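Quick notes on the structure that follows.
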Amino acid sequence: MTAAPHHPQIVETSAPPPAEKSPLDASERLQMQWTSEEDTDVFARQLAALPETRNAFITLHGDLGAGKTTFVRHLLRALGVTGRIKSPTYAVVEPHQANGLDIWHFDFYRFNDPRELEDAGFRDIFASPGLKIAEWPEKAGSLTPTADIAIYIEALDDEKRRVTLEARTFSGKTLLKGLNV
């Protein structure tokens, strides 16, 4: 005899099959190369200057050491964050505030199950205004909202990075159009 569940399952344990996705057109994708950390800083400043960034959700993809956290540090500095900016690898999220802007920097690297996002109560953060930046978003599965911009960083050598930006929302497309790269 099996007992009937008293509570519905909060999170699906398996992701639905991927939907057919059409390739992104040129207006939804941007590629560039950063040849130094200065290039990373210049790009971060351009992104920080765009008004849409204040309420964007940006995901960062790339291998360990690709430069995801370095990029975030430059972006947060460009937005006016002062003091120490540390990686949220162990804390999962580091909140920041600058010039009246709430910023949350997530690192889901240590997640073993996407349900940890739900258990941690991050749904409220994603529903609130402000900038959200997530490293290793794939570890959170489909529990995060659709990213406005997904940034893929590939280390070509110690200094050079191939960077691909994909706009996944209308706001993301507006962000890409505003960049001067």
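The values are calculated or read from the model by the stated rules, or taken from the named source; none is laboratory data. Being a predicted model, the structure only gives us computed values, none of them experimental. Ligands, DNA and RNA are excluded from the accessible area calculation, which covers all protein heavy atoms including side chains. Shrake-Rupley method; radii C 1.70, N 1.55, O 1.52, S 1.80 Å.
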Computed lengthening from residue 93 to residue 29, 0.36 nm per intervening residue step minus Cα-Cα distance = 20.3 nm
Please list, or write none, the lysines whose alpha carbon is within less than 23 Å of the alpha carbon of residue 177, excluding same-chain residues fewer than 8 places away.
-> 21, 68, 132
Looking at the square roots a ≥ b ≥ c of the eigenvalues of the Cα gyration tensor of the stretch 28-181, which shape do they give, rounded for a/c under 1.5, prolate if a/b is larger than b/c, or oblate?
-> rounded
For 94, 52, write out the residues from largest to smallest accessible area, computed with a 1.4 angstrom probe and no ligands counted.
-> 52, 94
Tensor-based shape of the stretch 32-74 (alpha-carbon gyration tensor, a/c under 1.5 rounded, otherwise prolate or oblate) = oblate
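State, as an integer percentage, the relative contact order of the stretch 125-181 based on alpha-carbon contacts under 8 Å between residues 6 or more apart.
That works out to 26 percent.
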